[in-house]
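For reference, the structure is listed below as structure tokens.
The values are calculated or read from the model by the stated rules, or taken from the named source; none is laboratory data. Note that the structure is a prediction, hence the values are computed from the model and not measured. Counting neighbours? That spans all protein chains shown, and the Cβs are built from the backbone with ideal geometry, glycine included.
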Amino acid sequence: MPQSVNSYPLLDTIDTPADLRTHPVSDLEAICADVREYLIDSIAQTGGHFGAGLGVVELTVALHYALNTPTDKLVWDVGHQAYPHKILTGRKDRLATIRQKDGLAPFLKREESEYDVFGAGHASTSISAALGIVAARDYNGENYKVAAVIGDGSMTGGIAYEALNNCGMLKKDILVILNDNRMSIAPNVWALHEYFNTLITNRAVRKIKDQVWDKLGGHDLLRSAGAKLVDGMKAVMTPGMMFESLGFKYFGPIHGHDVVKLVEMLEFLKSQSGPLLLHVITEKGHGYAPAESHVQKYHAASGAFDKITGAAIAKPVTAPQPPEYTKVFGKAMVEICKMNPKVVGITAAMPDGTGLNILQKEVPDKFFDVGIAEQHAVTFAAGLATEGMIPVCAIYSTFLQRAFDQIIHDVALQKLPVVFALDRAGLVGADGPTHHGAFDLSYLRLIPNMTIMVPKDEQELRDMLFTATTPPSPGLSPKGERSREEKFLSPLGERLGEGDVKGPIAIRYPRGTGIGVPLADEGFRPLPIGQGEMMRDGSDAVIIGVGPILYEAIKAAEDLEREGMSVAVANARFVKPLDAALLDALAVRFKHIITIEENVVAGGFGSAVAEFLAERKNLHPSSFIPHPFLIGLPDRFIEHGAPAGLLADCGLTREGIRDRVRDCVLAGRMAEQTAA
């Protein structure tokens, strides 16, 4: 239970929805008040997703009251609105552990509860999943209700419309609830949302039925005719027309914070058949004044806050922190957009999360928010690129996966200069496996015409963004060519270094603060494409990798030096194309090559290096070619928890890297002694 002077007299009697249903309808408003108070008290202590859950308290209570869950199936979209659902389904005593290691998952998770019918960490999936459940129900000859709750911006995603269309075609019994809170994470950019709001708030529309009813008095026949007239006008003048054209019976819009009316409507809808859509109007952050006033800020609380004022509780004063990568990117975008009239920024409903809110404020005509629609964002960017623009698509690493087909067919195949800025690459922490950016190097590396950059720190992020959005300067080799004295020539090396960049460029960088390196006071430093750098010299082994984890590798190398091992560290910078010259030189110098990355090992940077060395062995069979030792994320989904702890579990901290490199070197020495 949260530590609070408040008591929750009715909520204390409820552990499951079955307990909830023992209460009379007259208790429901008080139960909602308890749930809301409990949610506020809990999240004020721990942080977590907040505003969307506050907005669906009444809807959640009504759904579990009217439906016989878990026999009836309740499918939620955007799982961050499901905190009240967790409270009512046997997990309230563990809410204080949410987003912490071994605690409650931040989103819906099938393994966590039988009430979590379908996992949800992103958006727009609920109707598709619910329709699949309905089809299985009917195939198996079973009898239960299925309801999908979609909202908080999810209707900006194209998959939702594909599912709505299929519902209308199959004509099966399904209830879709549109939770219209006029917001997603940022203000909703859905054009139909504006249409809904105009109609809902139009006084004339709201008065039509009342006026017709009053004029007709007690004449039943006239009232019947009048009702048909009103229904006809409603079909033309309300959102129902669109949904009914897709095969749904449309009900609403209704007030989403009147729990008794919601229960009455849901009880009625249980008696109806076919595809049904209930349009519910809610307020994000409802019942907590700070969240009502600052919807984006209180979408999620990053940590504990004062319940009365909503102000974040100050953490102990520490030394000034380096800037966050997100902000470094956002500020660099503003500088570049002011310098280059062709560069624009695109976000999929995450301006604050990607740092493009800075561009939105400073250079609004260079900013596009397309809603929670990553597929559209990528093809929209491709269209811009065909007309000479340089679009920068800023999308979280894990969410860009949704647009994989568009990256291949619409961008890479046509060699279009779209820049992908992948925020939240690597392990992001409390949001867990649905949000970890664990796979981007693997899924991007296999795409032809793709260039992949990974900055080791915040200054290199600035330089890479400038390089990606700026044509090569005269005299700067885009191939990263070096003098013949520096380069160990091989046919493979020549092939990998060939030609200018023609096509998309991806830059992946982590969540959180930078390393703390000094940022250039002015301008940017263009980087030769496909050229890495040595960060530390050595003789026994070399660690080559990408990203800020290289600074942990340097610390590990310093530890090993005190143990009598000399370990070099190289920054590849590019996953594609690889720096063939650098790899050739390292293969000649070192018996042990260790790769490191904050990406799954399968198909990632280390795999690329292993493929390179294997091909080099084929080209030079008489040469000694070291077999690389690969360090990265394991072949499993990483759960939620503090980033430092998760990285330690995966062996990607100073200590983990040190121990694995030591084992590699010692094993090599033992093998040499055995052979001798």
For the stretch 62-102, which positions are farther than 24 Å from Val25 by Cα and either among the polar types (S, T, N, Q) or at pLDDT below 90 (or both)? Asp77, Val78, Gly79, His80, Leu95, Ala96, Thr97, Ile98, Arg99, Gln100, Lys101, Asp102
Please name all residue pairs, on different chains or six or more residues apart, with Cβ atoms under 7 Å, provided the first residue is in the stretch 662-676 and is of a type in the set (A, V, I, L, M) and the second residue is modelled with pLDDT of 85 or more. Val665/Asp540; Val665/Ala541; Val665/Met565; Val665/His592
Can you find a residue that is farther than 16 Å from Val418 by Cα, in the same structural domain as Gly426 (by TED's automatic domain parsing) and of a type in the set (Lys, Arg) anywhere in the stretch 363-370? no
Mind listing whichever residues of the stretch 247-262 are at pLDDT 90 or above and either outside any helix (DSSP H, G or I) or not assigned by TED's automatic domain parsing to the domain that holds Leu59 (or both)? Gly247, Phe248, Lys249, Tyr250, Phe251, Ile254, His255, Gly256, His257, Asp258
Looking at (1) without any contact (Cβ under 8 Å) to a residue 60 or more places away in the chain; (2) on the phi > 0 side of the Ramachandran plot, which is the one condition that is false for Ala349? (1)
Just a yes or no: is a residue in the stretch 48-65 part of a loop (DSSP other than H, G, I, E, B) and buried (at least 22 other Cβ atoms within 10 Å of the Cβ)? yes
I need the full set of residues from the stretch 135-159 which are touching a residue at least 40 places away in the same chain (Cβ under 8 Å) and either surrounded by 23 or more Cβ atoms within 10 Å (Cβ to Cβ) or of a type in the set (Phe, Trp, Tyr) (or both), in order please. Tyr144, Val146, Ala147, Ala148, Val149, Ile150, Gly151, Asp152, Gly153, Ser154, Thr156, Gly157
Residue within the stretch 83-95 that is within 25 Å of Leu646 (Cα to Cα), touching a helix residue (DSSP H, G or I) at 6+ places or on another chain (Cβ under 6 Å) and of a type in the set (Ser, Thr, Tyr) present: yes
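Take Val57 and tell me if it is modelled with pLDDT of 90 or more, assigned by TED's automatic domain parsing to the domain that holds Val176 and among the β-branched types (Val, Ile, Thr).
Yes.
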Among residues of the stretch 27-60 being acidic (Asp, Glu) and more than 13 Å from Leu88 (Cα to Cα), the residue farthest from the chain's Cα centre (by Cα) is Asp27
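With Ser42, Ser26 as the choices, which residue is closer than 24 Å to Gln100 by Cα, of a type in the set (S, T, N, Q), without any contact (Cβ under 8 Å) to a residue 60 or more places away in the chain and outside any loop (DSSP other than H, G, I, E, B)? Quick ask: steps written out before the conclusion?
Working: Ser26 fails: closer than 24 Å to Gln100 by Cα.
Result: Ser42 is the single residue among Ser42, Ser26 that is closer than 24 Å to Gln100 by Cα, of a type in the set (S, T, N, Q), without any contact (Cβ under 8 Å) to a residue 60 or more places away in the chain and outside any loop (DSSP other than H, G, I, E, B).
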Cβ pairs under 7 Å, 6+ apart, first in the stretch 81-94 and farther than 14 Å from Glu114 by Cα and crowded, with 20+ Cβ neighbours inside 10 Å, second charged (D, E, K, R) and modelled with pLDDT under 95: Gln81/Asp152
Unique residue being among the hydrophobic types (A, V, I, L, M, F, W, C) and either closer than 20 Å to Asn165 by Cα or assigned to a loop (DSSP other than H, G, I, E, B) (or both) when the list is Met242, Met265: Met242
Tally of residues being in a helix (DSSP H, G or I), surrounded by fewer than 18 Cβ atoms within 10 Å (Cβ to Cβ) and not charged (D, E, K, R) across the stretch 645-655: 2
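If we keep just the residues of the stretch 118-130 that are in contact with a strand residue (DSSP E or B) (Cβ under 6 Å, 6 or more places away or on another chain), surrounded by 23 or more Cβ atoms within 10 Å (Cβ to Cβ) and of a type in the set (A, V, I, L, M, F, W, C), which is modelled with the lowest pLDDT? Spell out the reasoning first.
Let us first name the residues in the stretch 118-130 that are in contact with a strand residue (DSSP E or B) (Cβ under 6 Å, 6 or more places away or on another chain), namely 118-120, 126-127, 129-130.
Now drop any that are not surrounded by 23 or more Cβ atoms within 10 Å (Cβ to Cβ), which leaves 120, 126-127, 130.
If we keep only those that are of a type in the set (A, V, I, L, M, F, W, C) too, we end up with 120, 127, 130.
Details: Ala120: 81, Ile127: 93, Ala130: 94.
Ranking the candidates gives Ala120 first.
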Only one of these conditions is not met by Pro471: (1) at pLDDT below 95; (2) closer than 24 Å to Pro510 by Cβ. Which number is it? (2)
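Residue by residue, here is whether (1) of a type in the set (D, E, K, R); (2) touching a Phe, Trp or Tyr at 6+ places or on another chain (Cβ under 8 Å); (3) assigned by TED's automatic domain parsing to the domain that holds His436; (4) within 22 Å of Glu264 (Cα to Cα) holds:
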residue: Thr16; (1), (2), (3), (4): no, no, no, yes
residue: Leu20; (1), (2), (3), (4): no, yes, no, yes
residue: Ala30; (1), (2), (3), (4): no, no, no, yes
residue: Glu37; (1), (2), (3), (4): yes, yes, no, no
residue: Arg94; (1), (2), (3), (4): yes, no, no, no
residue: Leu108; (1), (2), (3), (4): no, yes, no, no
Failed condition for Thr653, given (1) within 30 Å of Gly103 (Cβ to Cβ); (2) free of Cβ contacts under 8 Å to residues at least 12 places away in the same chain; (3) not aromatic (Phe, Trp, Tyr): (2)
Looking at the stretch 251-270, I want the residues that are over 16 Å from His23 (Cβ atoms) and have a partner that is of a type in the set (Lys, Arg) with Cβ atoms under 7 Å, at least 6 apart or on another chain. Which pairs are those? Ile254/Lys261; His255/Lys261; Lys270/Lys145
So, in the stretch 366-420, how many residues would count as being touching a residue at least 60 places away in the same chain (Cβ under 8 Å), of a type in the set (Gly, Ala, Ser), assigned to a helix (DSSP H, G or I) and over 13 Å from Pro504 (Cα atoms)? 1
Looking only at the stretch 160-176, and only at residues there that are crowded, with 17+ Cβ neighbours inside 10 Å and of a type in the set (A, V, I, L, M, F, W, C), the one that is nearest to Thr282 (Cα to Cα): Val176
